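First up is the structure itself, then whatever we jot down about it.
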(Lines give C-alpha, C1' and ligand atoms only; values in the text may rest on other atoms or scores of the structure.)
Protein backbone atom coordinates (compact mmCIF):
# COMPACT_ATOMS: atom_id res chain seq x y z
CA UNK A 1 0.00 0.00 0.00
CA UNK A 2 2.33 2.74 -1.26
CA UNK A 3 1.23 6.33 -0.72
CA UNK A 4 1.72 9.02 -3.37
CA UNK A 5 4.19 11.79 -2.79
CA UNK A 6 2.80 15.29 -2.52
CA UNK A 7 4.94 18.41 -2.83
CA UNK A 8 8.35 19.06 -4.37
CA UNK A 9 9.76 18.08 -7.74
CA UNK A 10 12.96 16.30 -6.78
CA UNK A 11 13.98 13.70 -9.34
CA UNK A 12 11.55 14.71 -12.10
CA UNK A 13 12.52 14.58 -15.76
CA UNK A 14 11.95 18.04 -17.22
CA UNK A 15 9.34 18.23 -19.98
CA UNK A 16 11.00 20.36 -22.65
CA UNK A 17 9.02 23.02 -24.60
CA UNK A 18 9.31 21.05 -27.85
CA UNK A 19 7.70 18.02 -26.17
CA UNK A 20 4.87 20.20 -24.90
CA UNK A 21 4.35 21.63 -28.40
CA UNK A 22 4.34 18.16 -29.97
CA UNK A 23 1.87 16.91 -27.38
CA UNK A 24 -0.50 19.82 -27.98
CA UNK A 25 -0.43 19.07 -31.70
CA UNK A 26 -1.88 15.64 -30.88
CA UNK A 27 -5.06 17.53 -29.92
CA UNK A 28 -4.83 19.82 -32.97
CA UNK A 29 -3.57 22.73 -30.89
CA UNK A 30 -0.61 23.89 -32.98
CA UNK A 31 0.42 27.37 -32.07
CA UNK A 32 -1.45 27.39 -28.78
CA UNK A 33 0.24 29.31 -25.97
CA UNK A 34 1.46 27.56 -22.86
CA UNK A 35 0.60 30.06 -20.13
CA UNK A 36 2.54 28.51 -17.28
CA UNK A 37 3.54 25.38 -15.47
CA UNK A 38 1.51 24.32 -12.43
CA UNK A 39 3.30 22.90 -9.38
CA UNK A 40 1.69 19.46 -8.96
CA UNK A 41 4.22 17.51 -6.89
CA UNK A 42 6.51 14.70 -7.94
CA UNK A 43 4.05 12.55 -9.88
CA UNK A 44 3.20 14.90 -12.76
CA UNK A 45 4.29 17.95 -14.69
CA UNK A 46 1.29 20.07 -15.52
CA UNK A 47 0.87 23.04 -17.85
CA UNK A 48 -1.92 25.59 -18.18
CA UNK A 49 -2.73 26.14 -21.86
CA UNK A 50 -4.72 28.92 -23.51
CA UNK A 51 -7.12 28.34 -26.43
CA UNK A 52 -8.85 31.64 -27.09
CA UNK A 53 -10.71 32.42 -23.89
CA UNK A 54 -10.63 28.77 -22.83
CA UNK A 55 -8.07 27.36 -20.42
CA UNK A 56 -6.92 23.75 -20.58
CA UNK A 57 -4.62 21.64 -18.41
CA UNK A 58 -1.96 19.43 -20.01
CA UNK A 59 -0.71 16.78 -17.58
CA UNK A 60 2.34 14.62 -18.24
CA UNK A 61 2.42 11.67 -15.83
CA UNK A 62 5.90 10.69 -14.70
CA UNK A 63 4.98 7.89 -12.32
CA UNK A 64 2.23 6.12 -14.28
CA UNK A 65 2.13 3.92 -17.37
CA UNK A 66 -0.27 4.61 -20.26
CA UNK A 67 -2.42 1.70 -19.06
CA UNK A 68 -2.66 3.24 -15.58
CA UNK A 69 -3.69 6.61 -17.02
CA UNK A 70 -6.31 4.90 -19.19
CA UNK A 71 -7.67 3.17 -16.08
CA UNK A 72 -7.85 6.55 -14.33
CA UNK A 73 -9.85 7.94 -17.25
CA UNK A 74 -12.25 5.00 -17.09
CA UNK A 75 -12.89 5.78 -13.42
CA UNK A 76 -13.46 9.45 -14.23
CA UNK A 77 -16.04 8.54 -16.89
CA UNK A 78 -17.98 6.51 -14.32
CA UNK A 79 -17.82 9.29 -11.73
CA UNK A 80 -19.04 11.94 -14.18
CA UNK A 81 -22.13 9.81 -14.84
CA UNK A 82 -23.08 9.84 -11.15
CA UNK A 83 -24.60 13.34 -11.10
CA UNK A 84 -22.38 14.64 -8.31
CA UNK A 85 -22.68 18.28 -7.19
CA UNK A 86 -19.03 18.92 -8.03
CA UNK A 87 -16.87 18.43 -11.11
CA UNK A 88 -14.01 16.05 -11.78
CA UNK A 89 -11.47 16.20 -14.64
CA UNK A 90 -12.80 15.35 -18.11
CA UNK A 91 -9.94 14.16 -20.34
CA UNK A 92 -10.37 15.28 -23.95
CA UNK A 93 -9.89 12.87 -26.87
CA UNK A 94 -6.90 13.58 -29.07
CA UNK A 95 -7.16 13.55 -32.85
CA UNK A 96 -6.83 9.75 -32.83
CA UNK A 97 -9.79 9.45 -30.46
CA UNK A 98 -7.70 8.38 -27.44
CA UNK A 99 -7.49 10.40 -24.24
CA UNK A 100 -3.90 9.29 -23.50
CA UNK A 101 -0.96 10.33 -25.69
CA UNK A 102 2.46 8.73 -25.23
CA UNK A 103 5.58 10.90 -25.07
CA UNK A 104 9.26 10.53 -24.11
CA UNK A 105 8.44 12.29 -20.82
CA UNK A 106 5.46 10.06 -19.99
CA UNK A 107 1.80 9.59 -20.93
CA UNK A 108 -0.07 12.86 -21.38
CA UNK A 109 -3.69 13.94 -21.13
CA UNK A 110 -5.54 17.21 -21.73
CA UNK A 111 -8.59 18.40 -19.77
CA UNK A 112 -10.54 21.62 -19.35
CA UNK A 113 -9.24 23.69 -16.45
CA UNK A 114 -11.52 23.50 -13.40
CA UNK A 115 -11.98 26.74 -11.43
CA UNK A 116 -11.85 26.96 -7.66
CA UNK A 117 -9.49 27.46 -4.75
CA UNK A 118 -7.94 25.14 -2.22
CA UNK A 119 -10.32 24.92 0.77
CA UNK A 120 -9.19 26.11 4.18
CA UNK A 121 -9.89 23.14 6.43
CA UNK A 122 -9.16 25.03 9.63
CA UNK A 123 -12.80 25.41 10.67
CA UNK A 124 -15.65 23.00 11.31
CA UNK A 125 -18.01 24.06 8.48
CA UNK A 126 -15.22 23.57 5.92
CA UNK A 127 -14.41 20.14 7.35
CA UNK A 128 -18.09 19.21 7.20
CA UNK A 129 -18.31 20.22 3.53
CA UNK A 130 -15.11 18.31 2.79
CA UNK A 131 -16.39 15.20 4.57
CA UNK A 132 -19.71 15.24 2.71
CA UNK A 133 -17.95 15.62 -0.65
CA UNK A 134 -15.74 12.64 0.16
CA UNK A 135 -18.80 10.59 1.13
CA UNK A 136 -20.65 11.52 -2.07
CA UNK A 137 -17.58 10.67 -4.14
CA UNK A 138 -17.25 7.28 -2.44
CA UNK A 139 -20.89 6.59 -3.23
CA UNK A 140 -20.13 7.16 -6.92
CA UNK A 141 -16.88 5.18 -6.81
CA UNK A 142 -18.72 2.22 -5.26
CA UNK A 143 -20.41 1.71 -8.62
CA UNK A 144 -17.10 1.41 -10.50
CA UNK A 145 -16.23 -2.26 -11.18
CA UNK A 146 -13.03 -3.27 -9.39
CA UNK A 147 -11.67 -4.81 -12.58
CA UNK A 148 -11.59 -1.40 -14.28
CA UNK A 149 -8.73 -0.28 -12.03
CA UNK A 150 -5.11 -1.45 -11.96
CA UNK A 151 -4.09 -0.36 -8.45
CA UNK A 152 -4.83 -2.13 -5.17
CA UNK A 153 -4.52 -0.15 -1.94
CA UNK A 154 -4.91 -3.24 0.26
CA UNK A 155 -1.31 -4.35 -0.15
CA UNK A 156 1.09 -4.67 2.76
CA UNK A 157 1.71 -1.08 4.00
CA UNK A 158 5.13 -2.13 5.32
CA UNK A 159 6.41 -3.01 1.84
CA UNK A 160 7.46 0.18 0.08
CA UNK A 161 9.74 0.01 -2.99
CA UNK A 162 13.22 1.18 -2.10
CA UNK A 163 12.71 0.88 1.65
CA UNK A 164 14.29 -2.02 3.58
CA UNK A 165 12.57 -3.94 6.36
CA UNK A 166 11.57 -1.68 9.23
CA UNK A 167 14.24 -2.97 11.63
CA UNK A 168 17.01 -2.40 9.06
CA UNK A 169 15.69 1.05 8.22
CA UNK A 170 15.59 2.02 11.90
CA UNK A 171 19.22 1.00 12.25
CA UNK A 172 20.10 3.22 9.25
CA UNK A 173 18.15 6.13 10.72
CA UNK A 174 19.83 5.79 14.13
CA UNK A 175 23.20 5.71 12.39
CA UNK A 176 22.27 8.99 10.66
CA UNK A 177 21.36 10.77 13.88
CA UNK A 178 17.65 10.01 14.36
CA UNK A 179 17.11 9.27 18.03
CA UNK A 180 16.31 5.76 19.25
CA UNK A 181 13.11 7.00 20.89
CA UNK A 182 11.58 7.92 17.53
CA UNK A 183 12.74 4.78 15.73
CA UNK A 184 11.24 2.73 18.56
CA UNK A 185 7.88 4.41 17.89
CA UNK A 186 8.18 3.35 14.23
CA UNK A 187 9.06 -0.24 15.14
CA UNK A 188 6.20 -0.50 17.63
CA UNK A 189 3.63 0.92 15.21
CA UNK A 190 4.88 -1.35 12.41
CA UNK A 191 4.47 -4.43 14.62
CA UNK A 192 0.88 -3.48 15.40
CA UNK A 193 0.09 -2.93 11.72
CA UNK A 194 1.67 -6.26 10.76
CA UNK A 195 -0.38 -8.00 13.47
CA UNK A 196 -3.73 -6.44 12.53
CA UNK A 197 -3.54 -6.19 8.74
CA UNK A 198 -4.66 -9.79 7.93
CA UNK A 199 -7.88 -9.34 9.90
CA UNK A 200 -8.63 -6.09 8.07
CA UNK A 201 -8.24 -7.88 4.75
CA UNK A 202 -10.82 -10.43 5.87
CA UNK A 203 -13.36 -8.05 7.44
CA UNK A 204 -13.58 -4.68 5.72
CA UNK A 205 -15.84 -3.79 2.75
CA UNK A 206 -13.97 -3.16 -0.50
CA UNK A 207 -14.68 -0.81 -3.40
CA UNK A 208 -12.86 1.57 -5.74
CA UNK A 209 -11.45 4.52 -3.78
CA UNK A 210 -9.83 7.82 -4.76
CA UNK A 211 -6.66 7.02 -2.81
CA UNK A 212 -5.12 10.48 -2.36
CA UNK A 213 -7.72 12.84 -0.90
CA UNK A 214 -6.34 15.99 0.70
CA UNK A 215 -7.04 19.71 0.64
CA UNK A 216 -4.85 20.14 -2.44
CA UNK A 217 -6.93 17.62 -4.41
CA UNK A 218 -10.17 19.55 -3.76
CA UNK A 219 -11.52 22.79 -5.24
CA UNK A 220 -13.87 25.11 -3.35
CA UNK A 221 -15.98 28.09 -4.38
CA UNK A 222 -14.04 31.07 -2.94
CA UNK A 223 -17.32 32.88 -2.12
CA UNK A 224 -19.30 30.10 -0.43
CA UNK A 225 -16.68 27.49 0.51
CA UNK A 226 -18.76 24.77 -1.19
CA UNK A 227 -16.75 21.96 -2.79
CA UNK A 228 -17.00 22.38 -6.57
CA UNK A 229 -14.27 20.03 -7.82
CA UNK A 230 -12.16 17.01 -6.93
CA UNK A 231 -8.87 16.29 -8.72
CA UNK A 232 -5.98 13.79 -8.64
CA UNK A 233 -7.64 10.50 -9.56
CA UNK A 234 -4.41 8.95 -10.82
CA UNK A 235 -4.17 6.73 -7.75
CA UNK A 236 -7.78 5.46 -7.82
CA UNK A 237 -7.98 1.72 -7.25
CA UNK A 238 -9.35 -1.08 -5.13
CA UNK A 239 -9.26 -0.42 -1.42
CA UNK A 240 -11.08 -0.61 1.86
CA UNK A 241 -14.21 1.54 1.61
CA UNK A 242 -13.21 3.46 4.76
CA UNK A 243 -9.82 4.48 3.34
CA UNK A 244 -11.02 7.68 1.66
CA UNK A 245 -12.52 8.91 4.94
CA UNK A 246 -9.29 7.83 6.60
CA UNK A 247 -7.22 9.86 4.12
CA UNK A 248 -9.43 12.91 4.63
CA UNK A 249 -9.04 12.59 8.41
CA UNK A 250 -5.28 12.04 8.27
CA UNK A 251 -4.46 14.70 5.68
CA UNK A 252 -6.78 17.39 7.08
CA UNK A 253 -4.92 17.28 10.40
CA UNK A 254 -8.24 17.51 12.26
CA UNK A 255 -7.01 14.98 14.83
CA UNK A 256 -3.89 17.06 15.59
CA UNK A 257 -5.67 20.17 16.88
CA UNK A 258 -6.30 21.01 20.53
CA UNK A 259 -10.06 20.97 19.82
CA UNK A 260 -9.73 17.72 17.85
CA UNK A 261 -13.10 16.35 18.93
CA UNK A 262 -15.09 19.20 17.38
CA UNK A 263 -13.04 19.10 14.18
CA UNK A 264 -13.07 15.34 13.67
CA UNK A 265 -16.80 15.30 14.52
CA UNK A 266 -17.48 17.87 11.79
CA UNK A 267 -15.60 15.80 9.22
CA UNK A 268 -17.31 12.58 10.35
CA UNK A 269 -20.80 14.13 10.27
CA UNK A 270 -20.22 15.40 6.76
CA UNK A 271 -19.07 12.00 5.54
CA UNK A 272 -21.83 10.07 7.36
CA UNK A 273 -24.51 12.35 5.89
CA UNK A 274 -23.67 10.82 2.52
CA UNK A 275 -22.21 7.42 3.39
CA UNK A 276 -22.35 6.02 6.97
CA UNK A 277 -19.59 3.69 8.10
CA UNK A 278 -20.05 0.23 9.57
CA UNK A 279 -18.82 -0.67 13.07
CA UNK A 280 -16.03 -2.84 11.63
CA UNK A 281 -14.80 0.15 9.63
CA UNK A 282 -14.87 2.43 12.67
CA UNK A 283 -12.99 -0.15 14.72
CA UNK A 284 -10.33 -0.37 11.99
CA UNK A 285 -9.59 3.37 11.81
CA UNK A 286 -6.81 3.46 14.48
CA UNK A 287 -4.86 0.67 12.77
CA UNK A 288 -5.43 2.25 9.35
CA UNK A 289 -4.20 5.62 10.64
CA UNK A 290 -1.04 3.97 11.93
CA UNK A 291 -0.60 2.09 8.65
CA UNK A 292 -0.89 5.29 6.65
CA UNK A 293 1.55 7.15 8.88
CA UNK A 294 4.08 4.29 8.92
CA UNK A 295 3.87 3.93 5.14
CA UNK A 296 4.44 7.69 4.83
CA UNK A 297 7.66 7.37 6.84
CA UNK A 298 8.79 4.42 4.71
CA UNK A 299 7.97 6.20 1.46
CA UNK A 300 9.93 9.29 2.42
CA UNK A 301 12.79 7.16 3.75
CA UNK A 302 12.97 5.30 0.44
CA UNK A 303 13.52 8.65 -1.29
CA UNK A 304 16.06 9.78 1.33
CA UNK A 305 18.10 6.63 0.71
CA UNK A 306 18.56 7.60 -2.95
CA UNK A 307 19.19 11.31 -2.17
CA UNK A 308 15.76 12.46 -3.38
CA UNK A 309 14.66 13.70 0.05
CA UNK A 310 16.31 15.15 3.13
CA UNK A 311 16.72 13.36 6.45
CA UNK A 312 14.66 16.18 7.97
CA UNK A 313 11.76 15.07 5.75
CA UNK A 314 11.93 11.60 7.28
CA UNK A 315 12.21 13.08 10.77
CA UNK A 316 9.09 15.22 10.23
CA UNK A 317 7.07 12.13 9.32
CA UNK A 318 8.42 10.31 12.33
CA UNK A 319 7.27 13.23 14.49
CA UNK A 320 3.80 12.99 12.97
CA UNK A 321 3.73 9.25 13.64
CA UNK A 322 4.78 9.90 17.24
CA UNK A 323 2.03 12.53 17.64
CA UNK A 324 -0.50 10.09 16.20
CA UNK A 325 0.47 7.32 18.62
CA UNK A 326 0.21 9.75 21.56
CA UNK A 327 -3.24 10.91 20.41
CA UNK A 328 -4.51 7.36 19.94
CA UNK A 329 -3.22 6.30 23.35
CA UNK A 330 -5.01 9.21 25.03
CA UNK A 331 -8.17 9.68 22.98
CA UNK A 332 -8.89 6.55 20.96
CA UNK A 333 -11.94 5.52 22.99
CA UNK A 334 -13.48 9.01 22.87
CA UNK A 335 -12.84 9.23 19.12
CA UNK A 336 -14.38 5.84 18.36
CA UNK A 337 -17.38 6.57 20.57
CA UNK A 338 -17.95 9.79 18.63
CA UNK A 339 -17.61 7.91 15.34
CA UNK A 340 -20.13 5.27 16.43
CA UNK A 341 -22.67 7.93 17.49
CA UNK A 342 -22.16 9.95 14.32
CA UNK A 343 -22.74 6.89 12.13
CA UNK A 344 -25.86 5.77 14.00
CA UNK A 345 -24.46 2.83 15.98
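The values are calculated or read from the model by the stated rules, or taken from the named source; none is laboratory data. Model, not experiment: these values are computed from the prediction. Positions of Cβ are generated from backbone atoms using ideal geometry, with glycine treated the same way; all protein chains shown enter the neighbour counts.
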Name the strands (runs of 3 or more DSSP E) wholly within region 158-260 that hold at least 2 residues that are closer than 25 Å to residue 328 by Cβ?
206-209, 237-240
If you go through region 221-230 one residue at a time, do you hit one that is crowded, with 20+ Cβ neighbours inside 10 Å, touching a strand residue (DSSP E or B) at 6+ places or on another chain (Cβ under 7 Å) and within 13 Å of residue 121 (Cα to Cα)?
yes
Kindly indicate which of 119, 107, 112 is touching a helix residue (DSSP H, G or I) at 6+ places or on another chain (Cβ under 8 Å) and more than 25 Å from residue 308 (Cβ to Cβ).
119
Selection status of residue 99, closer than 30 Å to residue 142 by Cα, modelled with pLDDT under 95 and buried (at least 19 other Cβ atoms within 10 Å of the Cβ)
no
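Do the conditions hold for residue 318, that is, is it closer than 29 Å to residue 202 by Cβ and in contact with a helix residue (DSSP H, G or I) (Cβ under 9 Å, 6 or more places away or on another chain)?
Numbers: closer than 29 Å to residue 202 by Cβ: no; in contact with a helix residue (DSSP H, G or I) (Cβ under 9 Å, 6 or more places away or on another chain): yes.
So residue 318 fails the test.
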Looking at region 66-109, which of its residues are closer than 17 Å to residue 230 by Cβ and not in a helix (DSSP H, G or I)?
81, 82, 83, 84, 85, 86, 87, 88, 89, 90, 91, 109
Confirm whether residue 162 is more than 16 Å from residue 246 (Cβ to Cβ) and surrounded by fewer than 13 Cβ atoms within 10 Å (Cβ to Cβ).
no
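Considering region 121-144 alone, what residues qualify as being touching a residue at least 12 places away in the same chain (Cβ under 8 Å) and surrounded by fewer than 15 Cβ atoms within 10 Å (Cβ to Cβ)?
Answer for region 121-144, where residues must be touching a residue at least 12 places away in the same chain (Cβ under 8 Å) and surrounded by fewer than 15 Cβ atoms within 10 Å (Cβ to Cβ): 125, 139, 143.
Results for (1) closer than 16 Å to residue 178 by Cβ; (2) touching a strand residue (DSSP E or B) at 6+ places or on another chain (Cβ under 9 Å); (3) touching a residue at least 12 places away in the same chain (Cβ under 8 Å), shown as yes or no for each residue.
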position: 302; (1), (2), (3): yes, no, yes
position: 305; (1), (2), (3): yes, no, yes
position: 308; (1), (2), (3): no, no, yes
position: 320; (1), (2), (3): yes, no, yes
position: 329; (1), (2), (3): no, no, no
position: 332; (1), (2), (3): no, no, yes
position: 337; (1), (2), (3): no, no, no
position: 340; (1), (2), (3): no, no, yes
position: 343; (1), (2), (3): no, no, yes
Report yes if some residue within region 54-65 is out of contact with any strand residue (DSSP E or B) (no Cβ under 8 Å at 6 or more places or on another chain) and either loosely packed, with under 12 Cβ neighbours inside 10 Å or not in a loop (DSSP other than H, G, I, E, B) (or both); otherwise report no.
no
